[in-house]
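Student: Mind looking over this structure? Questions follow.
The values are calculated or read from the model by the stated rules, or taken from the named source; none is laboratory data. Worth saying up front: this structure is predicted, and the values here are computed from it rather than measured. Neighbour counts are summed over all protein chains in view; Cβ atoms, including those assigned to glycine, are modelled from backbone coordinates with ideal geometry. Calculation scope for accessible area: heavy atoms of the full protein, side chains included, ligands and nucleic acids excluded. Shrake-Rupley method; radii C 1.70, N 1.55, O 1.52, S 1.80 Å.
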Amino acid sequence: QVQLVESGGGLVQAGGSLRLSCAVSGRTFTTYTMGWFRQAPGKEREFVASISWSGGRRYYADSVKGRFTISRGNAKNTGYLQMNSLKPEDTALYSCAVTSSVYGTEPYDYNYWGQGTQVTVSS
């Protein structure tokens, strides 16, 4: 009923920037949360950032605070993750997800997921 498609990943040098997009289709929620997670090989999936769709309330993992910015488009059917000052340790598969809950920082808080987009940061 809800589909999410990520885009914008790629290869970038350390210190560079990327903007990830998450397009949402299907059922439209008036109130929900969009989150970004990432997972590197051999590592657990970790929370990156989230935004309350109606209120615009934002949360960030300590590891990305000050470097990443989560936002929503004017039409409110697309979310974005602006990533600046990228580091090699940011290399991972980045996935967006949505939940009808008003807050979520764990994978189990979310019930709809995209397929992910790869981000690779070289040095």
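Student: Look at Phe47 and say whether it is modelled with pLDDT of 95 or more and open to solvent by less than 60 Å² (accessible area, probe 1.4 Å).
Tutor: Values: modelled with pLDDT of 95 or more: yes; open to solvent by less than 60 Å² (accessible area, probe 1.4 Å): yes.
Yes, satisfied.
Student: So is Arg72 crowded, with 17+ Cβ neighbours inside 10 Å, within 13 Å of the chain's Cα centre (by Cα) and at pLDDT below 95 or not? Steps first, answer last, please.
Tutor: Numbers: crowded, with 17+ Cβ neighbours inside 10 Å: yes; within 13 Å of the chain's Cα centre (by Cα): yes; at pLDDT below 95: yes.
Yes; evaluated as a whole, the condition is true for this residue.
Student: Do the conditions hold for Pro88, that is, is it open to solvent by 30 Å² or more (accessible area, probe 1.4 Å), free of Cβ contacts under 8 Å to residues at least 60 places away in the same chain and closer than 17 Å to Val121 by Cβ?
Tutor: On the way: open to solvent by 30 Å² or more (accessible area, probe 1.4 Å): yes; free of Cβ contacts under 8 Å to residues at least 60 places away in the same chain: no; closer than 17 Å to Val121 by Cβ: yes.
No; evaluated as a whole, the condition is false for this residue.
Student: Does region 31-41 contain at least one residue that is small (Gly, Ala, Ser), surrounded by fewer than 18 Cβ atoms within 10 Å (Cβ to Cβ) and modelled with pLDDT of 95 or more? Don't jump to the end; show me each part of the working.
Tutor: As a first pass, look at region 31-41 and keep what is small (Gly, Ala, Ser): 35, 40.
Then drop every residue that is not surrounded by fewer than 18 Cβ atoms within 10 Å (Cβ to Cβ), which leaves 40.
Remaining after also requiring modelled with pLDDT of 95 or more: 40.
Yes - at least one qualifying residue is present in region 31-41.
Student: For region 90-106, how many residues meet the condition of being in a strand (DSSP E or B), out of contact with any Asp or Glu (no Cβ under 8 Å at 6 or more places or on another chain) and modelled with pLDDT under 95?
Tutor: Residues meeting the conditions: 1.
Student: When you look at Val121, is it modelled with pLDDT under 95, touching a strand residue (DSSP E or B) at 6+ places or on another chain (Cβ under 8 Å) and either outside any strand (DSSP E or B) or among the hydrophobic types (A, V, I, L, M, F, W, C) (or both), yes or no? Quick ask: steps written out before the conclusion?
Tutor: Details: modelled with pLDDT under 95: no; touching a strand residue (DSSP E or B) at 6+ places or on another chain (Cβ under 8 Å): yes; either outside any strand (DSSP E or B) or among the hydrophobic types (A, V, I, L, M, F, W, C) (or both): yes.
In short, no.
Student: Of all residues in region 91-117 being more than 27 Å from Ala14 (Cα to Cα) and in contact with a helix residue (DSSP H, G or I) (Cβ under 9 Å, 6 or more places away or on another chain), which is least open to solvent (accessible area, probe 1.4 Å)? Break it down into steps so the answer makes sense when it comes.
Tutor: Step one: filter region 91-117 for residues more than 27 Å from Ala14 (Cα to Cα), giving 98-104, 106-113.
Within this subset, residues satisfying the condition of being in contact with a helix residue (DSSP H, G or I) (Cβ under 9 Å, 6 or more places away or on another chain) are 99, 101, 103, 113.
Numbers: Thr99: 5, Ser101: 52, Tyr103: 114, Trp113: 77 Å².
So the residue we want is Thr99.
Student: For Ser54, work out the one condition from (1) of a type in the set (Gly, Ala, Ser); (2) within 21 Å of Val5 (Cα to Cα); (3) in contact (Cβ under 8 Å) with a residue 60 or more places away in the chain it doesn't fulfil.
Tutor: Going through the list (1) of a type in the set (Gly, Ala, Ser); (2) within 21 Å of Val5 (Cα to Cα); (3) in contact (Cβ under 8 Å) with a residue 60 or more places away in the chain, Ser54 breaks only (3).
Student: Whether any residue in region 44-54 is among the aromatic types (Phe, Trp, Tyr) and more than 14 Å from the chain's Cα centre (by Cα) is what I want to check. Reasoning before the result, please.
Tutor: Restricting attention to region 44-54, the residues satisfying the condition of being among the aromatic types (Phe, Trp, Tyr) are 47, 53.
Restricting the remaining residues to those that are more than 14 Å from the chain's Cα centre (by Cα) gives none.
Within region 44-54 (the criterion being among the aromatic types (Phe, Trp, Tyr) and more than 14 Å from the chain's Cα centre (by Cα)), the answer is no, since none of the residues qualifies.
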